[in-house]
Amino acid sequence: MLLIRTIGRFMHLDRHLPYFLRGRVVTGFGRGGKQLGCPTANIEEAVVEALPPDFPCGVFYGLARVEGDQVSCLVVLLLSEEV
């Protein structure tokens, strides 16, 4: 995947390639799931810091494997520190 991502950057196609994130789920402030009415999870900050500096904030969709082989759909919300 690293080779594909590197070639994508060189050809300015990297925005169209998928991102793969891997990290531990960490404890948040405990308000997300209560306010939204559905389960939420926070991923360790180092994973987000490893994204390219110009990676856009926004809402993204994806797949997650938390334990074993079960894959679940997910929505990812990336916010800047100014929010």
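Assorted remarks:
- The relative contact order of the range 13-78, computed from alpha carbon pairs under 8 Å that lie at least 6 residues apart in sequence, is 22 percent.
- Per DSSP, loop trypsin sites (Lys or Arg not before Pro) in the range 19-75 with at most 10 further Cβ within 10 Å: Arg22, Arg24, Arg31
- Which of Leu78, Leu36 has the fewest Cβ neighbours within 10 Å, and the rest in rising order: Leu36, Leu78
- Order of Tyr61, Tyr19 under a 10 Å beta carbon neighbour criterion, fewest first: Tyr61, Tyr19
Where a number appears in this text, it was derived from the coordinates with a stated rule and is not lab data. Because the structure is predicted, anything quoted here is derived from the model rather than measured. Positions of Cβ are generated from backbone atoms using ideal geometry, with glycine treated the same way; all protein chains shown enter the neighbour counts.
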